[in-house]
Amino acid sequence: MRSLLNFLLRFRTLILFLILEAVALVLIFSSHSYHQTVAYGAARTVSGFVAKRINAGTNYFRLRHVNEELVAENIMLRSRLEQMGAGMQEHFLTVDDSLIGVSYSYLEAKVVNNSINKQKNFITLDRGSRHGVTRGMGVASSTGVVGVVVGVSPRYSVAMSLLNADFRLSASIARNDYFGSLAWDGISHRYATLSEIPHHVRITEGDTIVTSGYSAIFPAGLLVGTLTGEQERGGDFLSLNVMLSTDFKRLTNVFLIGSLNREERHNLEVEVTR
Amino acid sequence: MKNFSRYTGAFVLLMVLQLLIFNNIEFSGYVNPYIYVMFILILPFSIPSWFLLILAFLSGLAVDLFSGTLGVHAFATVMAGFVRPWILTLNITSEVTDPDMSPSLYRNGLRWFFFYTVTVVFVHHLSLFLVELFTFSNFFHTLLRVLLSTVVTTFFIILFDFIRPRR
């Protein structure tokens, strides 16, 4: 017993060191989904409040740029509206319901906190559960995909940015519909990598990359970026360098995308594949 | 008691600087200075190592709570707190007459303080960036980020030590 005590006393610093590191690691792993700790929720409310005040000031200087983007988006939407009027109904039954065929709903939101300089970047938005935001909703700006909501409080929500080492997106080449997995390489905030594209696919510089719609988070065809032409051959697949269409460094206005049928689709997929 | 309020003040000041200014430095993702490590550096020579570890853990945890990375900074600060006594014994100078004083540029000289700071900061940044990513893939990219951030952090810590009140 005495020798055990002596041992503990002699190595008390080392033992304390190991205990504290173990506690830190447990904290890291248990808070893996980032937002779930109660303590963090409190800090979030405080820092969200501060960030909102700071943002109110900086937003003013971006107005010109935001205006330009909005005008461009208006024109795009107007032209799409024209096309829709001419479209044909593709249903077996005729049901007089304006919601048929609508599978996504949109909600505009402001970015109140954003970072691009870490390996795991997150974006705080000024919309929360009070406005109907739930986990798993997509976030996009008028220029393209931004991220996915991972945490919600009554007034704020936190989205995992595309510029996050853990982020994966099912994306396809618009011209020939081959799909792969898009991830950030952690190096530049302007570029990401589209992998799992088969060797025989012909690609050209400037090809548009869009969302594939396979995940039910984003609708198909949402802009992600363009190919730069740089590619890496490794194993059975190609990895392509993608220039992102969204400039994360000046993100102000985004919209949240809620899928109305996601649950039904998810349940069906689980039921069948089980 | 006087010491207690002095170090608490230093801690709060460093925390505010870190969260409001240094967390927002953007240099294409390569430079992330974490100057709050200075708190661990300036604790007095005579501090018992177990107490140093606990303070290091708490300071890391405080940064974690405000930047949403629970455990990551705590891991790195404990690592820094663990190596600090070793580095002190490695290049301690005979000039340490009062063990209650804190290591500083003014008393220990630029050369000594630089090597002391740069080693502790490097250990902190290396463990921080590796634990943050939890992978060794792209190791040299991470190492480059560690080195660049270490240089910038060291620069600011030496600058702050230059202007900090001398007891």
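Some notes on this structure:
- Filtered residues of the stretch A:213-245 (kept if touching a Leu at 6+ places or on another chain (Cβ under 7 Å), assigned to a loop (DSSP other than H, G, I, E, B) and of a type in the set (A, V, I, L, M)): none
- Test: residue in the stretch A:247-269 that is over 22 Å from A:Val150 (Cβ atoms), in contact (Cβ under 8 Å) with a residue 24 or more places away in the chain and buried (at least 19 other Cβ atoms within 10 Å of the Cβ): no
- Considering the stretch B:25-60, the residues that are more than 8 Å from every other protein chain (Cβ to nearest Cβ) and without any contact (Cβ under 8 Å) to a residue 24 or more places away in the chain include one that is nearest to A:Leu163 (Cα to Cα), namely B:Leu58.
- Leading residue by the ranking (surrounded by the most Cβ atoms within 10 Å (Cβ to Cβ)) among those in the stretch B:38-52 that are among the hydrophobic types (A, V, I, L, M, F, W, C) and outside any loop (DSSP other than H, G, I, E, B): B:Met38
Listed here are the residues, each with its yes/no results for (1) over 14 Å from the mean Cα position of the chain (by Cα); (2) under 29 Å from A:Ile19 (Cβ atoms); (3) part of a helix (DSSP H, G or I).
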| position | (1), (2), (3) |
| --- | --- |
| B:Arg6 | yes, yes, yes |
| B:Leu14 | no, yes, yes |
| B:Leu17 | no, no, yes |
| B:Tyr36 | no, yes, yes |
| B:Gly60 | no, yes, yes |
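- Residue check for B:Thr89: of a type in the set (Ser, Thr, Tyr) and free of Cβ contacts under 8 Å to residues at least 12 places away in the same chain: yes
- Some residue of the stretch B:85-105 being modelled with pLDDT of 80 or more, within 11 Å of chain A (Cβ to nearest Cβ) and part of a helix (DSSP H, G or I): yes
- Total residues in the stretch B:123-150, condition within 16 Å of B:Val72 (Cβ to Cβ), in a helix (DSSP H, G or I) and among the β-branched types (Val, Ile, Thr): 4
- Residues (among the hydroxyl-bearing types (Ser, Thr, Tyr), farther than 25 Å from A:Met137 by Cβ and exposed (fewer than 15 other Cβ atoms within 10 Å of the Cβ)) located in the stretch A:189-227: A:Thr204
- Filter result (more than 9 Å from chain B (Cβ to nearest Cβ) and over 13 Å from the mean Cα position of the chain (by Cα)) within the stretch A:113-128: A:Asn113, A:Asp126, A:Arg127, A:Gly128
- Residue match in the stretch A:26-43 (condition: buried (at least 18 other Cβ atoms within 10 Å of the Cβ), within 11 Å of chain B (Cβ to nearest Cβ), modelled with pLDDT of 75 or more and under 23 Å from A:Asp166 (Cα atoms)): yes
- Some residue of the stretch A:114-127 being in the same structural domain as A:Gly221 (by TED's automatic domain parsing), part of a loop (DSSP other than H, G, I, E, B) and touching a helix residue (DSSP H, G or I) at 6+ places or on another chain (Cβ under 6 Å): yes
- For A:Thr211, the conditions (1) more than 19 Å from A:Phe237 (Cβ to Cβ); (2) of a type outside the set (Gly, Ala, Ser); (3) within 14 Å of chain B (Cβ to nearest Cβ) all hold with the exception of (3).
- Filter result for B:Phe136 (modelled with pLDDT under 90 and closer than 15 Å to A:Gly186 by Cβ): yes
The values are calculated or read from the model by the stated rules, or taken from the named source; none is laboratory data. Predicted model, so just to flag it, every value in this text is computed and none were measured. For neighbour counting, all protein chains shown are included, and Cβ atoms are generated from backbone atoms with ideal geometry for every residue, glycine included.
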